[in-house]
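The values are calculated or read from the model by the stated rules, or taken from the named source; none is laboratory data. Just so you know, these numbers come straight off a predicted model, no measurement behind them. Ideal geometry is used to build each Cβ from the backbone, glycine not excepted, and the neighbour counts take in all protein chains shown. Only protein heavy atoms, including side chains, enter the accessible area calculation; ligands, DNA and RNA are left aside. Shrake-Rupley method; radii C 1.70, N 1.55, O 1.52, S 1.80 Å.
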Amino acid sequence: MRTMTNLTIGSAVDDPEVPAELDARRFNRHTFWVGQSGSGKTYALGVVLEQLLLQTELPMLILDPNGDFTRLRETRGTASDADAARVAEADIRVFRSGAGAGEKLHVRFVDLVPSSKAAVLQMDPIADAEEYNALIHVEREAESFDAADMLPDLRASADLARVRLANRMENLQVLEWELWSRGASSVVDVIDERPRATVLDLGGFAHRAEPKVAALAVLEHLWTHREERRPLLIVIDEAHNLCSPNPETAVERALTEQLVQIAAEGRKFGLWLLLSTQRPTKIHPNVLSQCDNLALMRVNAPRDLAELADVFGFASEEAIRRSAEFAQGQALFAGGFISAPMFVQMGARITQEAGGDVKVPLRAAG
């Protein structure tokens, strides 16, 4: 087992001869990663995740809404032979949503806690008590959460609550979601094996609620099994999509509540968050306030800079405000995972980045 504690992620902005190093042991605290669009945030995050992959044995779960980390198994031509060999040896699993190629991202509806099942079906356990009770019994009887199996049986029932439940499922088109395993395996079965990295591509689902339900199912499972105390770094890219300060739907509220609980209590069970987003004000304050590590790339908005200075007192206000002048790929690292706040020019990636900006089409000269 490798026991490296220092992760080299780049060099000092003011002196390229000075390496920038993070203490891998301090990823047992929650980390907040922020940078506006165009700052190089996703590329830089990849640099750090690669070093964790190569230099530690820490398993990672990456919730990836834009498919940016789906090529984590593929090294660049510039990677050293040693690094390429380590990546090739690493157990990296990539699960795709929707019609994408590769392993399918599926979860089991029956694994959700009752309140989350109700949230998916937009059902109140009190106001819709009869339908909810019917759902509980249907789950016990059905072999899979599948329209072909469930709807005919529900509609044939003399129980009006079951008929109403069938109408609700059909109207919401929930049974048609590609997310459900329909009796097959769930991605949580793989996560329980703790591969070195598990990437969940959340961006290809047809229904807007499916990515959030996928994340909810996984996080609930991890929390349910927290007493096993098996370390896992939970990386959430574009975290504002899953951890809003103002969740609107029942699913969003359930997801935010689960993340707040993990942020508050997960550290002692080995569940550590790394949240990446464009603006701190888009993250629930009860999650943001629990982060002890800060990676700050270019941020211009005065309100965001003020929020960061208020929450992360271990970095000076002057240092935080300097981020407005950062060039692409520059960052301020502060907190427990670095000996002192440091301005860093991020190093090069080893693996391929799947995303990237779309170029403006230009007219050919002549």
Identify all residues within the stretch 1-41 that are open to solvent by 50 Å² or more (accessible area, probe 1.4 Å) and not in a loop (DSSP other than H, G, I, E, B); write none if there are none. Asn6, Thr8, Pro19, Glu21, Arg25, Arg26
Lone qualifier among Arg253, Arg182 - being closer than 15 Å to Leu112 by Cα and touching a Ser or Thr at 6+ places or on another chain (Cβ under 6 Å): Arg182
Is there a residue being within 22 Å of the chain's Cα centre (by Cα), within 22 Å of Ala214 (Cα to Cα), among the acidic types (Asp, Glu) and part of a strand (DSSP E or B) anywhere in the stretch 57-64? yes
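Do you know which of the residues in the stretch 67-87 that are assigned to a helix (DSSP H, G or I) and open to solvent by less than 80 Å² (accessible area, probe 1.4 Å) is farthest from Val174 (Cα to Cα)?
If we filter the stretch 67-87 for residues that are assigned to a helix (DSSP H, G or I), which is where we start, we get 81-87.
From what is left, the residues that are open to solvent by less than 80 Å² (accessible area, probe 1.4 Å) are 82-85, 87.
On the way: Ala82: 47, Asp83: 44, Ala84: 42, Ala85: 43, Val87: 38 Å.
Selected residue: Ala82.
Could you count how many residues in the stretch 105-126 are free of Cβ contacts under 8 Å to residues at least 40 places away in the same chain and either surrounded by fewer than 19 Cβ atoms within 10 Å (Cβ to Cβ) or polar (S, T, N, Q) (or both)? Outline the logic, then answer.
Filtering the stretch 105-126 down to residues free of Cβ contacts under 8 Å to residues at least 40 places away in the same chain leaves 110, 114, 117, 124-126.
Then drop every residue that is not either surrounded by fewer than 19 Cβ atoms within 10 Å (Cβ to Cβ) or polar (S, T, N, Q) (or both), which leaves 110, 114, 124-126.
Qualifying residue count for the region: 5.
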Return yes when Leu63 is buried (at least 17 other Cβ atoms within 10 Å of the Cβ) and touching a helix residue (DSSP H, G or I) at 6+ places or on another chain (Cβ under 7 Å) and no when it is not. yes
Among (1) within 17 Å of the chain's Cα centre (by Cα); (2) farther than 27 Å from Trp272 by Cα, which single condition is Ala134 missing? (1)
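Being within 18 Å of Lys268 (Cα to Cα) and touching a Leu at 6+ places or on another chain (Cβ under 9 Å): is that true of Leu219 here?
For Leu219, the condition - within 18 Å of Lys268 (Cα to Cα) and touching a Leu at 6+ places or on another chain (Cβ under 9 Å) - is met.
Please work out if Glu227 is more than 18 Å from Val188 (Cβ to Cβ) and open to solvent by 20 Å² or more (accessible area, probe 1.4 Å). Let's see the steps before the verdict.
On the way: more than 18 Å from Val188 (Cβ to Cβ): no; open to solvent by 20 Å² or more (accessible area, probe 1.4 Å): yes.
The answer is no for Glu227.
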Given the conditions (1) under 11 Å from the mean Cα position of the chain (by Cα); (2) on the phi > 0 side of the Ramachandran plot, every one holds for Arg229 apart from (1)
